[in-house]
Amino acid sequence: MSKTVFITGTSTGIGAAAVRLFAQHGWQVAATMRNPADAKFGDLPNVRVYALDVTDTAAASRAIEQAHTDFGGLDVLINNAGYGLVGPFESATDEQIQAQFATNVFGVFAVTRAALPILRAQKSGVIINITSVGGRTAFPMNSLYHATKFGLDGFSESLWYELAPFGIHVKVVAPGGVATDFATRSLKMTVDPNDDTNPYAGQVRSVLAAFNEHGGAASAPEQIAEVIYTAATDGASQLRYIAGTDAQGLLTAKAGMSEADFATMIQGSFGVATT
Ligand SMILES: NC(=O)c1ccc[n+]([C@@H]2O[C@H](COP(=O)([O-])OP(=O)(O)OC[C@H]3O[C@@H](n4cnc5c(N)ncnc54)[C@H](OP(=O)(O)O)[C@@H]3O)[C@@H](O)[C@H]2O)c1
């Protein structure tokens, strides 16, 4: 019987590419998204679209249960839904901070808690959390996004131990820059970069320019979907999959440098002041 994968945030980008790849490999795919009218999977057999805003805990439970019933199984959960909040921490509103964590962190908790009774009872399953290279190292002007992705990374590492006795593998796929809607329509800012009354505006402009210049979109979403598929199917207990040559290069460089030298390199490459 075909295996079933449940994926969040599949309207565009990495989530949409993952839906296509799993479907092409013959999987049954529960493709969830905030607005099902955005779905572009009419050509794919065995894909069902479910409405799910991951900030709605009750909806997460309903979607997991409905997909489990419709497909008669649940083998892999991919927590992909997420977005970036960029800009100075000091300028962020309570609403922006809470919304960032509601989607990137509490959304993952809600969907994972809904899936766990099923996976634990069957003593098998794979949970893949899409974090970021920004869950292992930080860039300037992204403090709140990093807080969510570092949080998910630590959450996943601990959960790896907790669920291993039940035959459930927890995995992290950490992409570098990917050419999706992440840096355009999905991006939220804590400040207008052109508002020079904000003392951080110059730093924000430098950081945005550096992302655009240095491969903010080094990988295609299809390449990240391939890494996700490997993580879902390799049967390994490996926790982290660093996805994209940019992410791998950066983390390798970090591992080989002192903390001070790495920080100086990051300040230089983002054009932010050292003092
Ligand atoms: N692109 C990158 O450079 C990059 C790098 C590292 C990690 N990532 C991570 O990769 C994941 C996917 O992002 P992407 O690059 O594919 O960007 P994307 O094209 O903007 O896709 C993000 C998806 O998340 C969905 N989403 C946002 N808030 C949601 C919510 N509350 N409930 C359900 N779905 C929600 C969006 O849905 P709507 O269409 O409704 O907005 C969209 O389908 C994110 O977790 C992101 O942090 C991306």
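Quick note: the coordinates plus some simple rules give every number you see, no bench work behind them. Just so it is clear, the model here is predicted, and its values are computed rather than measured. FYI the Cβ positions are ideal-geometry reconstructions off the backbone, even for glycines, and counts take in every protein chain you see.
What to note about this one:
- Estimated FRET transfer efficiency when R0 is 25 angstrom, pair L187-Q66 (beta carbons, to 0.05): 0.20
- With the Kirkwood sum run over all distinct C-alpha pairs, the stretch 1-157 has a hydrodynamic radius of 16.0 Å.
- Additional length obtainable on full extension of the chain from N212 to T274, 0.36 nm per residue less Cα span: 20.2 nm
- Counting 0.36 nm for each residue step from D195 to A220 and taking away their Cα separation leaves a gain of 5.8 nm.
- Cross-link partners for K40 among the lysines, with Cα-Cα distance under 25 Å and sequence neighbours closer than 8 places in the same chain left out: K3, K188.
- Charge dipole (Cα centre; +1 on Lys/Arg Cβ, -1 on Asp/Glu Cβ; no other charges) of the stretch 33-75 amounts to roughly 80 debye.
- With neighbours defined as other Cβ atoms within 10 Å of a residue's Cβ, the residues M257, M141, M33 order from fewest to most as M257, M33, M141.
- Exposure proxy ranking, count of Cβ atoms within 10 Å, fewest first, for T12, T32, T180: T12, T180, T32
- Counting only Cα atoms, the chain measures 59, 40, 32 Å along its principal axes, largest extent leading.
- Across the chain, the relative contact order, built from alpha-carbon pairs under 8 Å that are at least six residues apart, equals 19 percent.
- Measure of compaction for the stretch 38-78 (Cα Rg per 2.2 N^0.38 Å): 1.23
- Exposure proxy ranking, count of Cβ atoms within 10 Å, fewest first, for D94, D195, D153: D94, D195, D153
- Stokes-Einstein, applied to the Kirkwood radius of the stretch 137-275 over Cα pairs at a viscosity of 1.002 mPa s and 20 °C, places its translational diffusion at 126 µm² s⁻¹.
- Subtracting the Cα-Cα distance of Q122 and F166 from their residue separation scaled by 0.36 nm leaves 15.0 nm.
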